[in-house]
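S.K.: First, the structure itself, so that you have it in front of you.
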Amino acid sequence: MTARTFAWTGFLAIAAVMLMVASRFTLLDPVENFTLTITEPLQSALSGATRPVANWVNNVTDAGALSAENKRLREENERLTNELSLAREDAVELQNLKDLAAVREEFPGDTFLNARIVARDSSNVRAVVAIDRGKSDGVRDGMIVVTKGRSLVGTVSRTFDDYAWVTLITDPKSAVSAMVQESRAEGVVAGDYGGDLVMEFVGQGAMVKEGDFVITSGVGGGYPANVVIGRVGKISRREQELFQEVGVDPLAALSGLEHVMVLTSFEPVALETP
């Protein structure tokens, strides 16, 4: 170690000791106060200049955290909503199966095949639906389709291996031999382009009143007897007409059907004219 280096080392050591002593006995307080007085405006200015940046950084950080939390809550809400929807569908499905099982118990002599509606005609001209049962399940053209309470829905009009089309009773091409249960007045229940049911060829003298039940008569061999079609609605009578026009309200909620039953134990018969 050179003499110069030794001198500097000694000087620094003495200075350090003097500063420690001065600090302990508050001898440097005036110097510190003077330094703070000079630098305080500069610190305030720097703090004021950097505060907006700091606030912006904090806001960006908070916004990012809030956005992430909102996203998590939306995903959680979507998941819970989907679970609720599935639970409701399961409940509806179970109730439909119970209703259809009740039909089997009420009519033990008949054989039914459960089916689900998988398509509807979208033209608003025809009233037809497709079911997920076909030739491979034993479904044949002409078989009738019913729903809860064994009320009439329509007739199988075209079959394929795995599905079939059903013409509803409200279709303009549908015609069902029927009778009014209370008075035994007979006629033909047909659909129209407005989606309504009308019982035609009911004589003017036939006793028919609103609320009477309309059932299949079995005449003609196309339908079994005593299948409920609906109830008598509006009645129109004109003296100059041979027949009265009887509106029929279908018992089956045809527009909202999801499950139906094909009556496989009934084979329609096409009677030849004499």
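S.K.: Could you give the length gained on full extension between Ala225 and Arg116, defined as 0.36 nm per residue of separation minus the Cα-Cα distance, in nm?
M.R.: Separation in residues times 0.36 nm, less the Cα-Cα distance, equals 36.8 nm.
S.K.: Heavy atoms only, 1.4 Å probe, whole protein assembly: order Met199, Met207 by accessible area, highest first.
M.R.: On the way: Met199 0, Met207 145 Å².
Solvent-accessible surface, decreasing: Met207, Met199.
S.K.: Residue by residue through the stretch 123-134, which ³J(HN,Hα) values in whole Hz follow from phi under the Karplus form 6.51 cos²θ - 1.76 cosθ + 1.60 (θ = phi - 60°), with glycine and proline marked x?
M.R.: Values per residue, Gly and Pro as x: 7, 6, 9, 9, 10, 9, 9, 10, 10, 8, 10, x Hz.
S.K.: Ignoring everything but the protein chains, give the 1.4 Å probe accessible area of Lys71 in square angstrom, nearest 10.
M.R.: 110
S.K.: Rolling a 1.4 Å sphere over the protein heavy atoms, what is the accessible area per residue of the stretch 192-255, to the nearest Å²? Before the final figure, lay out each step's value.
M.R.: Details: 3600 Å² over 64 residues.
On a per-residue basis, 56 Å².
S.K.: Lys and Arg at +1, Asp and Glu at -1: add these up for the other residues within a Cβ distance under 13 Å of Ala190 and post the number. All intermediate terms of the calculation are to be shown ahead of the outcome.
M.R.: Numbers: positive: Lys173; negative: Asp171, Asp192, Asp196, Glu200, Glu245.
Neighbour charge sum, excluding Ala190 itself: -4.
S.K.: Could you state the number of Å between the C-alpha centres of the stretch 129-194 and the stretch 239-254?
M.R.: 18
The values are calculated or read from the model by the stated rules, or taken from the named source; none is laboratory data. It should be emphasised that the depicted structure is a prediction, and the values quoted were computed from it without experimental measurement. For neighbour counting, all protein chains shown are included, and Cβ atoms are generated from backbone atoms with ideal geometry for every residue, glycine included. Calculation scope for accessible area: heavy atoms of the full protein, side chains included, ligands and nucleic acids excluded. Shrake-Rupley method; radii C 1.70, N 1.55, O 1.52, S 1.80 Å.
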